[in-house]
1. Which whole-Hz ³J(HN,Hα) couplings does region 11-21 yield from phi under the Karplus relation 6.51 cos²θ - 1.76 cosθ + 1.60, θ = phi - 60°, glycine and proline marked x?
2. All other residues with a Cβ under 14 Å from the Cβ of Val114 taken together, and with Lys, Arg as +1 and Asp, Glu as -1, what is their net charge?
3. For His232, His168, what ranking results if the residue with the fewest other Cβ atoms within 10 Å of its Cβ goes first?
4. Taking neighbour Cβ counts within 10 Å as the exposure measure, how do Ser118, Ser15 sort from fewest upward?
5. Using a Förster radius of 22 Å, what is the FRET efficiency between Ser125 and Lys78 based on their Cβ-Cβ separation? Nearest 0.05, please.
6. Pull up all non-local amide H partners of Val70: gap of 5 or more, or a different chain, and H-to-H distance under 5 Å with H placed in the peptide plane.
7. Determine, for Leu87, Leu72, Leu24, the number of other Cβ atoms within 10 Å of each Cβ, and report the residues in order from fewest to most.
8. At 7 Å along Cα-to-Cβ for each site, give me the label-to-label distance between Ser59 and Ser15 in nm.
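Only the coordinates and a few stated rules stand behind these numbers; no lab work does. Just so we're clear, the structure is a prediction, and the values are computed from it rather than from any experiment. Cβ coordinates were reconstructed from backbone atoms using ideal geometry, including for glycine residues, and neighbour counts include every protein chain displayed.
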Amino acid sequence: MYAELNSILNTCPDSFTQGEFLLLSDRRSDASFLIHHFLSLYLRARCRVCFLGLVQSFSHYSAISQRLGVGLTQAREKGQLIFLEGLTESLPALLPPGSGAGGRAMDFLRDPAVGLRSLYEFVRSSVSTSGGGADGAEAWGPPVLLVDDLSVLLSLGASVGAVLDFSHYCRATVCSQLKGNVVMLTRCDGEEEEADEGGDRGPESLLKGLTHQCSLSLHVQGLPTGFCRDIHGQLEVCWRRRRGDGPHAQKKLLQYKVQDKGVSFFARGTSSAVL
């Protein structure tokens, strides 16, 4: 958990807005540090977290969380963390039907046309279970769904429409019904201008669709001027709220540098590297 980012977003484990859909995205950069931040934030807030790790193994997330002072193994053993390891779950889904191996969360790999219903059912059952309060077990706070990352589903054969439907149903269940939060990461490759001219618009269309659904977006991108050793990229934070006269957005653009156990943020042009 990065205290400086909490200050920018005006949040902390003891006080955060419930019922929000947070969208993380990146282009020519890596927004993974944001996933690790929100994972540690909500675990510290004693929320019950359902984490769809579609990119990396559990040990990868666990090693990074350990540096941030959070133990994923302990959280999973206590029932606070439900972790779906996409790399492991995908293999049984590719075996012949009837083999009896694995769960059904990644069943769409056998037939992408069926959509992501099984994956949604896994999420719904995970967040709907309180996971505590009886027989001496611990009671957890509001549920949180984290996904790293949605664009992987496109690479595995799911359509943009199916992924947007999945995110919509997750948001309706977690945010609206259970008053929890949803955090999803998606990635876009290449330049935005090139994507608008044609070619594979899947990731771009997914990003645009998710942007219309979210209440807060954090977009990470490389520096327009190219590589810099002391500035790793820039972060655009956009709060999307609805007022009586329609949607309203408030934006803030910052530059950042990822360190071993933290991230430094600063206004454009104020880093010591450019002064």
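1. Each residue of region 11-21 in turn: 9, 6, x, 8, 8, 9, 6, 9, x, 10, 10 Hz.
2. On the way: positive: Arg104, Arg110, Arg117; negative: Asp107, Asp111, Glu121, Asp165.
That sum, taken over residues with Cβ under 14 Å, equals -1.
3. The most exposed by this proxy come first: His168, His232.
4. Fewest to most other Cβ atoms nearby, the residues stand as Ser15, Ser118.
5. Working from the Cβ atoms, E equals 0.75.
6. Here the answer is none, since no amide H 5 or more places off falls under 5 Å of that of Val70.
7. The order, fewest Cβ neighbours first, is Leu87, Leu72, Leu24.
8. It works out to 4.2 nm between the two label points.
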